[in-house]
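A.B. asks: My questions all concern the structure below.
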Amino acid sequence: MKKYQLYINGNYVDPAKGEWFDSIDPYRGEPWAKIPRGSAADVDAAVKAANEAMWRGPWSKMTASARGKAMHKLGDLVAANAERLAEIEVRDNGKLMAEMLGQLRYHPEWWWYFGGLADKLEGSLVPIDKPDVFAYTTHEPVGVVAALTAWNSPLLFVAWKCAAALAAGCAVIVKPSEFTSASTLEFAALTKEAGIPDGIFNVVTGFGPEVGTDLISHPGVAKITFTGSDTTGAKVYETGARSLKRVSLELGGKSPNIVFEDADLGAAAAGAVSGIFAATGQTCIAGSRLLVQKSIREKFVERLMELARSAKIGDPMAPDTNIGPITTPAQYKKVLDYIDIAKAEGARCLLGGKPASGAGITGGQFVEPTIFTDVVNTMRIAREEVFGPVLSIIGFDTEEEAVRIANDTIYGLAAGIWTSDLARAVRIPKLLRAGTVWVNTYRAISYMMPFGGMKHSGLGRESGIDAVREYLETKSVWISTAQGAPANPFVMR
Ligand code: NAD
């Protein structure tokens, strides 16, 4: 079993307290790696190294173009190591190799894109409204960044956060989820090989309430970027606020996927399945509320059931598997509890609704793809994030009703619309309170497209040019060119 070390100041080191914990393979249900249990002393070492490296070390002296080139090289190295890193992620989170390999092969794009952006972060010359002044703005790195990530796509979140942060000139300390730390620790070595100076990329692992809290409350951290649940996100926001840190949050969702009667029903059924059963429903953008126009409900649900029934459950490494295990025992229990809650609330179970069993299924953390109908939007199954393969079907009659139900949630991460009516396709995105709206597609992401949530789904955006602003401060510089006697010092200039 591999025993990992923390990555601080360009070196792999043992945790200060000398403690490790097991990482469990969710498919086999057995430990496969030992992860360091970091503590406040490790956080302190990482934060000191990061501040030294970014403010006084080589990173501060490198041109933005040189920084970008190192980031570009890092992208190349991830591309060369995609398969190895994807395998590690599958061992840790049990998601499909097809999904994780796809993510890892796409991951380099963030380094290439943000590496290219590093030397284009121009300030501006301000044609100031006062005589004898030369005025301009610059954009400077906000400071050391604490990046906390969730277990469902560990290295994708590293790319989303760290590529933008490094482009801005920041240094980062990543605290991956305690369930999936191995890939981030392996990735760290590539940053050194790429020529990113020691201290600019650090990884401290351990438990959220322990080392996670130590990290986000450390006075040497200027900015927190967090991906996780809204409950933890609120705590992180509160802790950050105490020392006035900049905070951005990528949180959960209860996203509506809306099927209108004029939709291509085959495409919509595939979109509904990809919305909820891909990644075993363990995705923030899960289209967990399927709003279906009542006029087509029966025939649409038939098509959906046919597709859902054909999903193969089993070994996440096998290329023909569609649905893998639930990542953690706690999450597995939570999913089964929600199934019981839905049944007790009066939702009708059309498919699944129990643990999966059979050939190729081991370890016990498998749930059948589950579809509930007759769901009312006030039920807990329609309001709370399950984070598993559980779909709630809600009927609607009119477009207005669909929009009202879609927006009747504390969340606002994403939404899907299925229609062949062009005017409707243009009209509805504007009415939905969600950070991303997909029309006739679902679960598409890109390094160039901003991603983030409204309402309880988060604060700030990742990916796209705007993302880098999350890691920058604007500085305004005034230079007087005045000659002669000084102006009256007792009035504002
Ligand atoms: P989580 O909130 O339990 O943990 C996220 C991270 O925070 C982990 O690294 C964890 O160790 C750390 N943490 C936990 N408690 C902490 C504390 N008190 N102080 C500091 N750090 C703490 O989330 P999870 O279970 O890992 O991930 C699932 C959640 O993440 C779901 O709600 C999902 O919707 C959300 N998510 C959102 C996005 C997005 O981009 N919007 C993407 C993926 C997942």
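The values are calculated or read from the model by the stated rules, or taken from the named source; none is laboratory data. Being a predicted model, the structure only gives us computed values, none of them experimental. Neighbour counts are summed over all protein chains in view; Cβ atoms, including those assigned to glycine, are modelled from backbone coordinates with ideal geometry. Areas reflect the complete protein model, heavy atoms only, side chains present, ligands, DNA and RNA absent. Shrake-Rupley method; radii C 1.70, N 1.55, O 1.52, S 1.80 Å.
A.B. asks: Among the aspartates and glutamates, which fall within straight-line cross-link reach of Lys294, defined as a Cα-Cα distance under 13 Å, with same-chain neighbours fewer than 8 residues apart omitted?
C.D. replies: Lys294 reaches Glu261, Asp262, Asp374, Asp397, Glu399, Glu401.
A.B. asks: In Å², what does the accessible area per residue of region 287-368 work out to with a 1.4 Å probe?
C.D. replies: It amounts to 47 Å² per residue over region 287-368.
A.B. asks: So what does Arg246 come to for accessible area, using a 1.4 Å probe and Å² rounded to 10?
C.D. replies: Rounded to the nearest 10, the figure is 110 Å².
A.B. asks: Quick check: net charge around Glu250, other residues with Cβ under 12 Å of its Cβ, Lys/Arg +1 and Asp/Glu -1?
C.D. replies: -1
A.B. asks: Please sort by residue number the chymotrypsin sites (Phe, Trp or Tyr not before Pro) in region 428-493 whose DSSP state is loop and whose Cβ has at most 12 other Cβ atoms within 10 Å.
C.D. replies: Phe490
A.B. asks: I would also like to ask the following. For the residue pair Trp55 and Ala79, what label-to-label distance in nm results when each label sits 7 Å from Cα along the Cα-to-beta-carbon direction?
C.D. replies: Going from the Trp55 label point to the Ala79 one covers 3.7 nm.
A.B. asks: Same structure, new question: Note down the relative contact order for region 256-439 as a percent, whole number, built from C-alpha pairs under 8 angstrom at least six residues apart.
C.D. replies: 28 percent
A.B. asks: In addition: Rounded to a whole number, what % of the accessible area of the chain do carbon and sulfur atoms account for, probe 1.4 Å?
C.D. replies: Carbon with sulfur: 55 percent of the solvent-accessible area.
A.B. asks: Provide the net charge surrounding Tyr4, with neighbours chosen by a C-beta distance below 9 Å and charges set as Lys +1, Arg +1, Asp -1, Glu -1.
C.D. replies: Within the 9 Å Cβ shell, the charges total +2.
A.B. asks: Restricting to bridges with both residues inside the chain, how much of the DSSP beta-bridge set is antiparallel, in percent to the nearest 5?
C.D. replies: Close to 45 percent.
A.B. asks: Let me ask you something else. Once you list every other residue whose beta carbon is under 10 Å from the beta carbon of Glu178, what net charge do they have if Lys and Arg are +1 and Asp and Glu are -1?
C.D. replies: +1
A.B. asks: Identify the trypsin sites (Lys or Arg not before Pro) of region 302-357 meeting these criteria: DSSP loop state and at most 12 other C-beta atoms within 10 Å of the C-beta.
C.D. replies: Lys312
A.B. asks: A follow-up question, please. Describe numerically, in nm with one decimal, the distance between label points set 7 Å from Cα along Cα→Cβ at Lys430 and at Thr137.
C.D. replies: Calculated label separation equals 2.8 nm.
A.B. asks: At what distance in nm do the modelled label points of Lys343 and Asp129 sit from each other, each positioned 7 Å from its Cα along Cα→Cβ?
C.D. replies: Output for this residue pair reads 6.8 nm.
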